[in-house]
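One structure is given below, encoded as structure tokens.
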Amino acid sequence: MATEPDKSAGAQKDSQQGYVYLPLIAGWLVPGAGHFLLRKWGRGALLAASILGMFAIGLAMQGKLYAGAHDMLDLLGLAGDLGNGLLYIVSRVLGLGADQVQVTTADYGTKFIVVAGLLNVIAAVDAHNLRTGRKA
Amino acid sequence: MFRPSHFAAVVLFALFASVVFGITQRETPRRMIRYGIYCFALFVGSAILVSWVMFLIAR
């Protein structure tokens, strides 16, 4: 008869199978997906809610989505935005976000979007660390 | 268009960032919660402190 720790160990083993970088890539493309793949449902849900919430509030504040790198600051902003993965790509395709920042709130919104991307990268790396066993 | 006050924007930013920091930088749920609260307090507290410093400088 299987005991509770045995079940947990089995589930853990199942989640450890497959391509080692899958949680990293999935977590980057979709916030929280890396943790979901590793069956860390609670952590994944909280990460997804936080990153999606920050990105959505940034867009609602008329934040700008960086489209190109005209100077160094734009390049850094674009790198941050790209951290959002599919959120960034879909938003660009749908034409969301302001073209130019005209009010203070929009400037905050731009920063919200960039930071959401950076937080998503941290979350994706955390999923990778869980996958490789570097973190429990 | 969503137009939060400056303080509301700080609180929202601190909330979301603290959740991610708490989950990713600590290993056990108890320590995650404690670290998240710590980060949130530091974010909001430092924003209030810097605001008062700027207010006093501007006078």
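The values are calculated or read from the model by the stated rules, or taken from the named source; none is laboratory data. It should be emphasised that the depicted structure is a prediction, and the values quoted were computed from it without experimental measurement. As a convention, Cβ positions derive from the backbone with ideal geometry for all residues, glycine included, and neighbour counts pool all protein chains shown. Each accessible area value is taken on the protein alone, full model and side chains, heavy atoms only, with ligands, DNA and RNA left out. Shrake-Rupley method; radii C 1.70, N 1.55, O 1.52, S 1.80 Å.
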Matching residues in the range A:72-85 (farther than 19 Å from A:ALA106 by Cβ and free of Cβ contacts under 8 Å to residues at least 40 places away in the same chain) number 4
Log entry, pairs with first residue in the range B:41-53 being more than 12 Å from B:ALA8 (Cα to Cα), second being open to solvent by less than 60 Å² (accessible area, probe 1.4 Å), beta carbons closer than 8 Å, six or more apart or on different chains, reads B:PHE43/B:VAL10; B:PHE43/B:PHE13; B:PHE43/B:ALA14; B:PHE43/B:ALA17; B:PHE43/B:SER18
Among the residues of the range A:45-52, is any aliphatic (A, V, I, L, M), open to solvent by 40 Å² or more (accessible area, probe 1.4 Å) and modelled with pLDDT under 95? no
The lone condition A:ASN84 fails out of (1) buried (at least 18 other Cβ atoms within 10 Å of the Cβ); (2) out of contact with any Pro (no Cβ under 6 Å at 6 or more places or on another chain); (3) part of a helix (DSSP H, G or I) is (3)
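Name the residues in the range A:35-44 that are crowded, with 17+ Cβ neighbours inside 10 Å, assigned to a helix (DSSP H, G or I) and at the interface with chain B (Cβ under 10 Å from one of its Cβ atoms), would you?
A:HIS35, A:ARG43, A:GLY44
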From the option list B:ALA8, B:ALA14, single residue qualifying as farther than 26 Å from A:ASP126 by Cβ and within 12 Å of the chain's Cα centre (by Cα) is B:ALA8
